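None of the figures in this text is laboratory data; all of them are computed from the coordinates on show. Computed from a predicted structure; not experimentally measured. Cβ sites come from the backbone with ideal geometry, for glycine too, and all protein chains shown count toward neighbours.
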Amino acid sequence: MNSPALAPTFFPAALPVADTVAGEAVVLLHGLGLRRWAMARLARDLRAADYRVVNLSYPSRTRPLEELAADWLPRQLQAAGLDAGTKVNFVTHSMGGILVRLYLRDHPAHPPGRVVMLAPPNHGSEVVNHLRDFPPFRWFTGVNGRRLGTDAASAPLALGPWPARAGELGIIAGDRSFNPVFSAWIDGPNDGKVAVARAGLEGMTDFIVLPHSHTWLAWCRDTSAQVLTFLREGRFARVTPPPETSAG
């Protein structure tokens, strides 16, 4: 598994304004058990930067990831008028990143856009390992939650590296937790649900760590600033180069 080191960060004082975004769309995909309100802050900031925003709610608890990627998401993009000639960028939170990985693996029709993942469990989460047989967890997370662990049944671990044809990928991890029980189950710095070392992905373009928790990462101003910078420039704002990855 690739294990990115902690990255020094630079927090822009103001949200960047995209240089050329005419005709570009940004599709937002929330995490497990949430709805599109979870991406409302990002949607507002992206619209202010003149992107065409498609903020989707998807049935994350009741339809398997593979079905969402193969059928549900293509239908939503078509309904939004995002045809094969439209450059489509994605910004995702948590399990939304796994959904996009599945979708882009099998649907290379759109011109490659850029993808920003917030706190993605790209190598699974130890929290799932501990809770998968706990009835309230199984009820709340539905058909997909138990598949986000770090063992042989892990859906993310079956996907492999990020394909170059899918476009540039930036990943933002958090390293603050408000849940000491969950964090005690996770190796190394984490956001309370996903370890920093498990968020990275082979083939990613850039990686950065922000001082926020898993749930609140998508609501923070510096997160919005970094998302907009990556969509515009294909890299995050920082004072030093991105960290090297190493086998862990």
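Couple of notes before you dig in:
- Here's how it looks for Ala195: its modeled amide H is under 5 Å from those of Glu126, which are all 5 or more places away or on a different chain.
- Scanning residues 5 or more positions from Gly149 or on other chains, those with amide H under 5 Å from its amide H are Ser125, Ala155, with H placed 1.01 Å from N in the peptide plane.
- Local electrostatic count, Leu68, Cβ distance below 15 Å [Lys/Arg +1, Asp/Glu -1]: +4
- Remark on Leu82: its backbone amide H falls under 5 Å from none of the residues 5 or more positions apart or on other chains, H modelled at 1.01 Å from N.
- Looking at the chain, the DSSP beta bridges with both ends there are about 15 percent antiparallel.
- Each pair of Cα atoms in the chain enters the Kirkwood radius, and Stokes-Einstein at 20 °C and 1.002 mPa s then converts it into a translational diffusion coefficient of 120 µm²/s.
- Estimated D of the range 187-238 in µm² per second, where Rh is the Kirkwood radius over Cα pairs and Stokes-Einstein applies at 10 °C, 1.306 mPa s: 133 µm²/s
- Neighbour net charge for Gln226 - beta-carbon separation under 12 angstrom, K R +1, D E -1: 0
- The chain: relative contact order in percent, alpha carbon pairs under 8 Å with at least 6 residues between: 27 percent
- When Phe182, Phe140, Phe230 are arranged by Cβ crowding within 10 Å, least crowded first, meaning fewest neighbours, the order is Phe140, Phe182, Phe230.
- Charged side chains reduced to their Cβ positions (Lys and Arg at +1, Asp and Glu at -1) give the range 2-239 a dipole of some 500 debye around its Cα centre.
- Averaging Cα coordinates gives a centre for the range 74-114 and one for the range 136-150; these two points are 24 Å apart.
- All other residues whose Cβ lies under 13 angstrom from that of Gly113 are scored, Lys and Arg at +1 and Asp and Glu at -1, for a net of +3.
- Per-residue [θ]222 nm for the chain (sum of -39500 (n - 2.57) over DSSP H runs n ≥ 4, rounded to 500): -7500 deg cm²/dmol
- Here the Karplus relation 6.51 cos²θ - 1.76 cosθ + 1.60, evaluated at θ = phi - 60°, turns the backbone of the range 174-184 into coupling constants of x, 9, 10, 9, 10, 10, x, 5, 4, 5, 5 Hz, with x for every Gly and Pro.
- Sorting Val27, Val116 from the fewest to the most surrounding beta carbons within 10 angstrom yields Val27, Val116.
- Residues Ile98, Ile186 arranged by fewest to most Cβ contacts within 10 Å: Ile186, Ile98
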